[in-house]
């Protein structure tokens, strides 16, 4: 099982950690919500829990809790800029369907 991060996402996370003056990376998880059932949760982390799965992505760590890893296996976290919009993009091969607004997904 693996979760990865592109160089663009890594650079974005590094900049924010430097700005915060603390942290080791980001936590990626899922929660039950929205029209399709699941949505992504992404937050900066200062330390990992004992049961977390940690993926080293260059200078930062991508941390996933074991329950979320089932839904996130094979996911690539990217950071994209398109015109005036920018943000994280989740490329999850497990997604079967997404809601119309793109806020939630179903596996």
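No value in this document is a laboratory result; all are computed from the given coordinates. Here the structure is a predicted model, which is why all the values come from computation and not from measurement. Here the Cβ is made from the backbone with ideal geometry for all residues, glycine too, and neighbour counts use every protein chain on show.
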Helix 7-20 axis, angle to the chain major axis (alpha carbon atoms, nearest 10°)
60
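What value in Å³ per residue do you get for the convex hull of the alpha-carbon atoms in the stretch 4-95? Mind showing how you got there, number by number?
Numbers: hull volume 10.1 nm³, N = 92.
Per-residue hull volume (Cα only) is 110 Å³.
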So residue 73 and residue 7, fully extended at 0.36 nm per residue minus their Cα-Cα distance, gain in nm 21.9 nm
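Would you please put 21-32, 75-86 in order of how densely packed they are, using the mean number of other Cβ atoms within 10 angstrom per residue and starting with the highest?
Highest to lowest by the protection proxy: 21-32, 75-86.
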Using the basic label-point model (7 angstrom from Cα toward the beta carbon), what is the residue 18 to residue 53 distance in nanometres?
3.1
Relative contact order in percent for the chain (Cα pairs under 8 Å, 6+ apart) equals 31
